[in-house]
Amino acid sequence: MKTKPAGKTHVRIARKIREQLQQLQRRRIGDVHQQAGILLGQADRIRIGRQKLAICLLRGWSAAAKMTIRNIKTALMDMPHHVDCVQRAIETHACKIPTLREIVEEIIQLEDEFSEVDYSLKNRTLSAVTEAIELDGVYLGPFEIRLHIDRIASENPQSSFDVIALDPHPASSNNSVVHPHVSDEQMCCGDALLPIKSAVEGGRLSDLFCVIRSVLETYNPSSPYISLDNWYGRSCHGCGYVVAEDDTFWCSSCEHDFCDECASCCSGCSETTCGGCLIECPVCENRYCAGCITICPDCGEAICSSCLEDMQCPCIEERELE
């Protein structure tokens, strides 16, 4: 990790961040323009409807007037929604862009909150590293929170940052899940999405990184990619359900793990295997592994050894009927 940015580096970081916030502000102005245009379009529908009603009155077209009034009513019902859209766009635009000095102060505060802070001019990223994280006895290691400055102006605030495991201890069933709420370096923000969005759009860097760290230090059992209870478990090859490692069954035929619902055993040798690797004997209808099934030398039918020894293969009965 590089040393903390200082002096001119602070200003260079802050300037690039402010440029992105200004770009975001321009997009907000565009949103107000677009939503206002949609609202005016609704109002125009009412205006045109009024003109048509005047013609209907003049010519006595009651049926046409009824249809026109219905269209005006529909436009009126949609108006509150479009008014709300304009108001939300205006409120979002009202978010103040911090000054260059304020952003510099945010970076300095970030350095106070995290022991390791780094800036890459080439990649245009601002990073901070958390302490090693352990949740409910599961060690997950430290994480790097990496803000992509060029993505600050994107519509999705979650895409502006990555969460990278520096000492990965992924779930046994999926190496891309390095934290119950992080998969492929993307964090599921949950209830923290709005605070994160607000922090990104307001240029509050310290708040942004602290909120992300808080999510990493908290386990929400209702919405994990993989629960901590199953962190060291294995995925059943049959149904995909993740079970504790001690509760899995190994199929020696296909060499995959299975849960107790998908696992079975051979009726001959009692070897644990999966249902897909068992062959049903057409005579006794029991299921056997490949080692306990044999082939009738006369008809080539797969049959268990016991039934073949007892001369119960269907081909024997067929020959006797001839």
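The values are calculated or read from the model by the stated rules, or taken from the named source; none is laboratory data. The structure presented is a predicted model; accordingly, all values stated were derived computationally and were not measured. A quick note on method: Cβ atoms are made from the backbone with ideal geometry, for glycine too, and the neighbour counts reach across all protein chains shown. SASA here: full protein model, heavy atoms, side chains in, ligands and nucleic acids out. Shrake-Rupley method; radii C 1.70, N 1.55, O 1.52, S 1.80 Å.
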**Message:** Taking 0.36 nm per residue of sequence separation and subtracting the Cα-Cα distance, how much length would be gained by fully extending the chain between Tyr241 and Asp112, in nm to one decimal?
**Reply:** 42.1 nm
**Asked** Nearest 10 degrees, 0 to 90: what angle lies between the long axis of helix 100-113 and the longest principal axis of the chain (Cα atoms)?
**Response** 40 degrees
**Message:** What does the extension gain come out to for Thr272 and Gln312, with contour length at 0.36 nm per residue minus their alpha carbon separation?
**Reply:** 11.8 nm
**Item:** Efficiency of FRET between Thr218 and Ile69 - r from beta-carbon atoms, R0 56 angstrom, step 0.05
**Value:** 0.50
**Item:** Positive-pole candidate from Leu135, Ser159, His81, dipole of the chain, charges at beta carbon
**Value:** His81
**Prompt:** From the list (i) 121; (ii) 161; (iii) 253, can you say which value of volume of the Cα convex hull per residue in Å³ was derived from the structure given?
**Reply:** (iii)
**Computed E for Gln23/Asp136 - FRET, C-beta separation, R0 41 angstrom, nearest 0.05** = 0.50
**Request:** Calculate for the chain the 222 nm mean residue ellipticity that helices alone would give, adding -39,500 (n - 2.57) per DSSP H run of length 4 or more and normalising by residue count, nearest 500 deg cm²/dmol.
**Result:** -14000 deg cm²/dmol
**Asked** For the charge dipole of the chain, defined by +1 on Lys and Arg C-beta atoms and -1 on Asp and Glu C-beta atoms about the Cα centroid, which residue among Ser198, Cys239, Ala65 has the Cα displaced farthest towards the positive pole?
**Response** Ala65
**Prompt:** With r defined as the distance between the Cβ atoms of Ile55 and Asp191 and R0 fixed at 41 Å, what FRET efficiency is calculated, to the nearest 0.05?
**Reply:** 0.15
**Item:** Percentage relative contact order, the chain, counting C-alpha pairs under 8 Å, at least six apart
**Value:** 12 percent
**Message:** Test of the criteria: in the stretch 215-298, which GluC sites (Glu not before Pro) are in a DSSP loop and have at most 10 other Cβ atoms within 10 angstrom of their Cβ?
**Reply:** Glu255, Glu285
**Stretch gain in nm, segment Ile295-Arg47, where the contour uses 0.36 nm per residue and the Cα spacing is subtracted** = 80.8 nm
**Request:** Could you let me know the centre-to-centre spacing of the stretch 29-77 and the stretch 176-251, using Cα atoms, in angstrom?
**Result:** 49 Å
**Item:** Accessible surface, 1.4 Å probe, highest first, among residues His179, His169
**Value:** His169, His179
**Request:** Output the relative contact order of the stretch 124-282, whole-number percent, from Cα pairs under 8 angstrom with separation of 6+ residues.
**Result:** 15 percent
